[in-house]
1. Using a Gaussian network for the chain with springs between C-alpha atoms less than 10 Å apart, which of these wobbles most: T67, T23, T224?
2. Could you order the peptides 168-177, 192-201, 116-125 from most to least packed, using the average number of other C-beta atoms within 10 Å per residue?
3. When D98, D108, D38 are ordered from fewest to most other Cβ atoms inside 10 Å of their Cβ, what list results?
4. Short version: ³J(HN,Hα) in whole Hz for each residue of segment 97-107, in order, from phi by Karplus 6.51 cos²θ - 1.76 cosθ + 1.60 (θ = phi - 60°), x for Gly and Pro, what are they?
5. Trypsin sites (Lys or Arg not before Pro) within segment 37-125: which are DSSP loop residues with at most 16 other Cβ atoms inside 10 Å?
6. To the nearest 20 debye, what charge dipole does segment 75-208 have about its Cα centre, counting +1 at the Cβ of each Lys and Arg and -1 at the Cβ of each Asp and Glu?
7. Return the FRET efficiency for the residue pair Q78, A53: r is the Cβ-Cβ distance, R0 is 22 Å, and the value is rounded to the nearest 0.05.
8. With a Förster radius of 35 Å, plug the Cβ-Cβ distance of L100 and R226 into 1/(1 + (r/R0)^6) and report the FRET value to the nearest 0.05.
Amino acid sequence: MDVRFDGKTALITGGARGIGYATARLLAEGGAKLALVDINGELVEASARKLAAETRAQVIGVRADITSEDAVSGMIAQVKAQLGAVDIFVSSAAVLDDKLFLESTSADWKRMIDVCLYGPMMCLHKLLPDMVARRYGRVICIASDAARVGQARLSYYAAAKGGVIALVKSVAQEVSKGGVTLNIVAPGATNTELRQERETRMRAEMGEEKYQRRLRTVLRMYPTGRIGEPEDIASTIAFLASGQASWITGQVVSVNGGFAMP
C-alpha cells in the first residue's frame, strides 16, 4: 500500500531519534513536511539536517519542552510560520525508568507524568482547535502495552501511558465528527536509543551473567523471538496518519511481536 502525505505538515515530539525519527523518515518519504521536536536543541537540529539530506524533504528541528504551556504554544507558532498548519501530530516524546514502585519517589512520578501524560495533553489542547476548524487532522500518540496489562518495574510509566490511552479515546469521541482522528499505538519492547540507555545502566548494575539471563527471559516473552525495531512501529503510525485510515479513531493498536494479546 502506497501512503502519501503530499502537502501535509507533520509535527513529531520526540522526533530526534527512535520511533519518532523512524516515523518522520516514512512521512518525509511520502511527501510530508516535517517538524521534529525535542528538548535537546542540538540533537534535534542535527536530526533535522540528517533527515532533510536523506529524503530531500522540508524538515525543521524545534527545541521545546512539552511540559511548558508557553513552550508548546511557541513550538506550534514556529511550525505554522515555517511549514504551515499542522495536519499530522505524532506524540512520541517519553522518559523511561526501571524501578520497583516502592523504591520510587514522588519526584520520579512527577517527571514521568509531566513528560508522558501532561505533555501530550498540552500538545493536543493547543493543536486540536485548528485541526477541528479545518476539519482535518491525524493524531497518533505512543503508549505502551504495559499500560494495558501492567508490568513490574514500570508501574508509573504504565500509569502515565494508561492516562494517554484514556485521554485519546475520550477526545476522539468529542472531535472525530470534524474529520479529526486520534489513535494510539502501543509498542512492545523496542530497540530505541532510550531503551539502549536503560539497558546499559541495567547491565552495569546487574553484571554480565545476570543481565544475559534477564535478556533471555525477555526474549522468551515474545513469540516472534525478537524485540521490535523503530521501523516496526513507524509503519503502523504512518498508516494511521494516512488517508487510508480515515475511518479508524479512538483505537489502541498493539505492535508488540505477540508480547501481549489483550
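1. Among T67, T23, T224, the largest GNM mean-square fluctuation belongs to T224.
2. Working: 168-177: 16.1, 192-201: 14.5, 116-125: 21.0.
Ranked by mean Cβ neighbours within 10 Å, highest first: 116-125, 168-177, 192-201.
3. On the way: D98 13, D108 16, D38 27.
Taking fewest neighbouring Cβ atoms as first place, the list is D98, D108, D38.
4. 10, 9, 9, 5, 4, 6, 9, 8, 10, 5, 5
5. Details: sites: R49, K50, R56, R63, K80, K99, K110, R111; in loops: R56, K99.
Passing sites in segment 37-125 are R56, K99.
6. Details: 17 positive and 14 negative charges, 114 e Å.
About 540 debye.
7. Working: r = 21 Å, r/R0 = 0.97.
Calculated transfer efficiency: 0.55.
8. Efficiency, from the Cβ-Cβ distance: 0.85.
Bear in mind these aren't lab numbers, they're just calculated from the coordinates by the rules spelled out. Keep in mind the model is a prediction, meaning the values are calculated, not measured. Glycine gets a Cβ as well: all are built from the backbone with ideal geometry, and neighbour counts include every protein chain shown.
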